[in-house]
Amino acid sequence: MIIVLLGPPGAGKGTQGERLAARLDVPKIATGDVLRAAVRDGTPLGLEAKAAMDRGDLVPDEVIMGIMKEALASPTAAKGAILDGVVRTTPQADGVAAMLSDLGRQVDAVLLFDIAEDELVRRLSGRTTCDACQRPFFGRQPGESCEADGKVGTLVRRKDDEPDAVRKRLQVYRDQTSPVINWYEDHGPRVVRIDAIGSLEEVEARALHVLGY
Ligand code: AMP
């Protein structure tokens, strides 16, 4: 199954994507994670993406399509994948559909994490992220350590979780990503809304339910 997770920044796509991937035993493909690792490692991809990411802007569609081409063709994605943070523009929706079609596949489900904007601002401004495993934490301070995932990391405040960048990301979501909802309504599959407010377990149960689990 190829499942696209849609929703604004801070809606919980990454966290729920991780849980769904473990539950369905498929990889999570998160372009934001790939880009942050590239920035951290100083690769050409990272150097190209960093300025846009820090501002809260999107990186160019061609860059994202390059990442997706490799990720979707990988043998680990043969059984399916959870797409987290991609698809973010209608050209990306076209591009992913074409790549999947070349592989004889298609997007099987689109889940839209639904949440009010004031809750997003509250969540993102209180978020720290592990620089090793990329897990988000709420109510923990930058500089604390994270031992999850077997790697010891340090909690940092993502540059794009600073207030100006958060405002920018929400605007980018409204302008460039929300049209993707209509794109899927037109092309299929049907977009299923999930109430993203609640405990991790509650939101996960809602997502699994609409996926038929
Ligand atoms: P995320 O971790 O999904 O919030 O992504 C962090 C940042 O990476 C975004 O604000 C964008 O700058 C960039 N990014 C991640 N995925 C995409 C995408 N599919 N299209 C364009 N930019 C992306």
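The values are calculated or read from the model by the stated rules, or taken from the named source; none is laboratory data. Just so it is clear, the structure is predicted and the values come from calculations on it, not from any experiment. Because the Cβ atoms are built from the backbone with ideal geometry, glycine has one as well, and the counts that use them run over all protein chains shown. Just the protein is used for accessible areas: all its heavy atoms, side chains included, with ligands, DNA and RNA removed. Shrake-Rupley method; radii C 1.70, N 1.55, O 1.52, S 1.80 Å.
Results, tabulated for the structure shown:
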quantity	calculated
Test: residue in the range 100-115 that is more than 14 Å from the ligand (Cβ to nearest atom), in a helix (DSSP H, G or I) and open to solvent by less than 40 Å² (accessible area, probe 1.4 Å)	yes
Residue match in the range 58-70 (condition: of a type outside the set (Asp, Glu), outside any loop (DSSP other than H, G, I, E, B), more than 10 Å from the ligand (Cβ to nearest atom) and open to solvent by 10 Å² or more (accessible area, probe 1.4 Å))	yes
Residue that is modelled with the lowest pLDDT, among those in the range 40-57 that are in a loop (DSSP other than H, G, I, E, B) and of a type in the set (Gly, Ala, Ser)	Gly56
Ala81 being more than 13 Å from the ligand (Cβ to nearest atom), in contact with a strand residue (DSSP E or B) (Cβ under 9 Å, 6 or more places away or on another chain) and under 26 Å from Pro179 (Cα atoms)	yes
Scope the range 84-94; condition crowded, with 20+ Cβ neighbours inside 10 Å and out of contact with any strand residue (DSSP E or B) (no Cβ under 9 Å at 6 or more places or on another chain); matching residues	Thr89, Gln92
Qualifying positions in the range 136-192 - open to solvent by 70 Å² or more (accessible area, probe 1.4 Å) and touching a Pro at 6+ places or on another chain (Cβ under 9 Å)	Arg157, Arg174
Strands (runs of 3 or more DSSP E) contained in the range 117-213 and holding at least 1 residues under 17 Å from the mean Cα position of the chain (by Cα) and among the hydroxyl-bearing types (Ser, Thr, Tyr)	127-130
Pair list, Cβ < 7 Å and 6+ apart or interchain, from the range 86-108 residues that are aromatic (Phe, Trp, Tyr) to residues that are within 12 Å of the ligand (Cβ to nearest atom) and outside any helix (DSSP H, G or I)	none
Some residue of the range 84-92 being within 13 Å of the ligand (Cβ to nearest atom), over 21 Å from Ala205 (Cα atoms), assigned to a loop (DSSP other than H, G, I, E, B) and in contact with a Lys or Arg (Cβ under 8 Å, 6 or more places away or on another chain)	no
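Residue-wise test of (1) among the acidic types (Asp, Glu); (2) under 16 Å from the mean Cα position of the chain (by Cα); (3) closer than 28 Å to Gly188 by Cβ.
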{"position": "Gly14", "(1), (2), (3)": "no, yes, yes"}
{"position": "Lys28", "(1), (2), (3)": "no, yes, yes"}
{"position": "Leu35", "(1), (2), (3)": "no, yes, no"}
{"position": "Val63", "(1), (2), (3)": "no, yes, yes"}
{"position": "Thr76", "(1), (2), (3)": "no, no, yes"}
{"position": "Gly104", "(1), (2), (3)": "no, no, yes"}
{"position": "Ile115", "(1), (2), (3)": "no, yes, yes"}
